Each structure stands twice: as structure tokens, then as C-alpha cells.
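Asker: First the structure, which I've put down as C-alpha cells, then a few questions once you've had a look.
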Amino acid sequence: MNYLEFDKKLVEKYYQKKCTPEEKSVVEQWFSDLRNNKETTKSAKQEWEQTSSEGNKKELLANILYKVHYNIHLDECRKMKETRWLSRTKSVYTYISAAAIVLLVVLNIWLWQGESSLTFKEAVFTEIYAPDGSRIKFNLPDGSSGWLNSGSSLKFPVKFTKNERKVFLDGEGYFNVKVDPKKSFVVSTKYYQVRALGTSFNVQAYHDVDSLEEVTLETGKVQLEKRKKDGTFKKILDMKPGQHATLDYFSSSVKLVDNESDKYTAWKDGKLIFRNDPLERVIKDLQRYYNVQIEVEDEQLFAYHFHATFDEETLFETMRLLKLSSAIDYKICKRKKNEEGGFQKQKIILFSKN
């Protein structure tokens, strides 16, 4: 298929999520065809490099592009029923990369030829989301990269400002920041900000976890800042490599632990590491990692602490190992259908062996 023959209106409908199932299938099939069409991809890339466009149009194109191929990516995530997500991402990203080049060319040509009236004056933001039970790798406009954990979202501008590179996180994200001494990199959450120049660190700030947030520094240096009532921020401390900080906004407490950074960043590599962690924390991490619901039948189980490492084990293998190494037994309930015809989360009940 020639990329110039593709239906502009159909792409716009897909972008706006207004396609019928049949139309949606046509768009995704087009992207699928591009996957192995090297000549089309090469031609499109050359066209893009030769085509000029105004700065604001380029930003708009990038925003549309991000949302369209992200929607396709999201559908791929939903279709993946295996828990070993990381082993299957390579083909998905190859598929998206080929499609991205060509779609950007098509949209650029349409706008360049004056066939679109889409304009904007303010900074354009895009947002990516990691579905429950998945982990998403991302790249930012400045060359920084990272991972987004299950149930998390990251909002950022298509183009960073001259003075600052600021992103907005809800959930958990690992950031590998590209060095730029003249422009600090800031991760803004509900209660805090993490400011860096060039470093790697992890931030956990799920909006539904009371006032607690966590920051783990692997390399470099970061500055933690607390949000004040007037919306400005106050510096509270500088972190050193290997440190993990637990922050409680309302009590203003800060708990620092040294030499445990790998424990809090292992999730991006498909691992779960517990070192004398209470059952409450184990349950929280398992629920997020496997997208399941865990209930505790015997309250006495909360007194147990766990020391274990799980490296991309399936849910059933992880539960079996927990049973072998503790006084915990479990029951995996049969999944029930919801009102929409899909299935509810897998439910697991924990109880004492005795």
C-alpha cells in the first residue's frame, strides 16, 4: 500500500477514538502491513526529511502521532494474557516504530499542504499510560528514557521549555535522565518534586496511597522538594546514590535507607525483591505486578515478613513459592464476568496453613 493513499479522515477518526470496529481494524491492519514493508518505510522517511513545516505544526504532529500509535500499543497490551510482559515487547516496539515514521510523514504532508485547520497556541502535552499488569518503556523529547509501572501515567510536553524539563507522574516511574547542566529535569507528583540534571532514579507516587511517596536514587544526585499550600515548592533534602526515601506529606517525615536501591528499581527488569518486608507490602506489589486482587482471611498473617526474589515467575509459581517458604496457604478463585462481558480481576485469598 502506498502511504499517500491512506484515508486522512479515517486516521483522524482513529485519533479521536470514533472508529467503528471495522474501521479500527482497517487502520491497525495498515500499520501491520508497514511492519515488513521496508521500501515504504524508507520512502516515507526520506519524504519526512525533505519536507519542511512550521514549528508549531511539528509539535502538533508529534502529539497526534504519540496518541495514535499509543492507542495501538494499548490494544496490544490488552491482548497479552501472559504475565511475562517484557519478553513480548520487542516485536510490539518494532511494529510501532515502523508505523510511526510513516504516519508522521502522512500527517506532515497533510498539514504542510494546508489540508488541516488544526492549530494551537499553548504548549501541547501528551500522556502515556501503563495498563494494569504491564510495564511500558518510554522515550522523552530530550532523549531521556525510562519505564512506567503498572497502573501509572506520565504527562509531558511535546517540546520542553528553554529553562526546564518537567514531567508529571501519577504512579511509579523509573527515569534515566540525559545530562543537560543548563536545564534541570523535574518529576512532579501530587505532593513533591524530584529535581535532577543527569541521573537515574525511581519515583513511586500512586494517588490512591494516602500521603506516602517514595524516591530511590541509583546514580547521580537529586533534590527533593515539597509542595507548599500556595503551589510553590520548598527544598527538603539532597539524596545520595543508593538511598531510598519514604516521604509522608502530612507528617512531614522523611525516612532514608542506604544501599537498597536495587530492591526498589528491580520491577523495571521484571523482578520483585523483598527483604524483610511485611505482608502488606508484598500484597501491594503482587497485586500491581500481576493485576490481581488479594484478600487476607487471617489477620495474623500480617505479622509475617518476607525475604525473597521473584524473576519473571508466573503468578501461580510465585504463590506456590510463598506457600513453601511461609505459614501462608492460598486459594485462587474462579474469575467472574462483569457487566460489560469481560472478566473481573483474578482473586486470591490468603489464609493460615494451621
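Asker: What is the packing order of peptides 154-166, 231-243, taking the mean over residues of other C-beta atoms within 10 Å and listing the highest first? If you can, show how the numbers build up before the last one.
Answerer: Numbers: 154-166: 15.8, 231-243: 13.8.
Highest mean packing first, the order is 154-166, 231-243.
Asker: While we're on this one: Let me spell out the model: positive unit charges on the Cβ of Lys and Arg, negative unit charges on the Cβ of Asp and Glu, origin at the Cα centre of the range 270-352. What dipole size does that give, in debye rounded to 20? List each step's numbers first, then the result.
Answerer: On the way: 14 positive and 14 negative charges, 51 e Å.
Taking the Cα centre of the range 270-352 as origin, the dipole is about 240 debye.
Asker: Please name which of Phe310, Gln344, Ala327 has its Cα lying farthest along the dipole of the range 270-352 towards the positive end, using unit charges on Cβ (Lys, Arg +1; Asp, Glu -1) and the Cα centre as origin.
Answerer: Gln344
Asker: Can you tell me which of 334-344, 280-290 comes out highest on packing, and rank the rest after it, using the mean Cβ neighbours within 10 Å? Write out the running numbers ahead of the final one.
Answerer: On the way: 334-344: 8.7, 280-290: 18.1.
Top of the packing list down: 280-290, 334-344.
Asker: With each pseudo-label sitting 7 Å past Cα toward Cβ, what's the Asp262-Lys234 distance in nm, one decimal?
Answerer: Computed distance between label sites Asp262 and Lys234 equals 3.8 nm.
Asker: Right, another one. Along the range 298-308, what does the Karplus equation 6.51 cos²θ - 1.76 cosθ + 1.60 (θ = phi - 60°) give for ³J(HN,Hα), rounded to whole Hz, x for Gly and Pro?
Answerer: Calculated HN-Hα couplings, in order: 10, 4, 5, 5, 5, 7, 7, 10, 10, 10, 6 Hz.
Asker: Mind listing the Cα extents of the range 123-264 along all three principal axes, in Å, largest one first?
Answerer: Principal extents (Cα only, largest first): 37, 36, 33 Å.
Asker: Mind jotting down the distance between the C-alpha centroids of the range 284-326 and the range 128-176, whole Å?
Answerer: What the calculation gives is 28 Å, centre to centre.
Bear in mind these aren't lab numbers, they're just calculated from the coordinates by the rules spelled out. Source: prediction; values computed, not measured. Backbone-built Cβ (ideal geometry, glycine too); neighbour counts: all protein chains shown.
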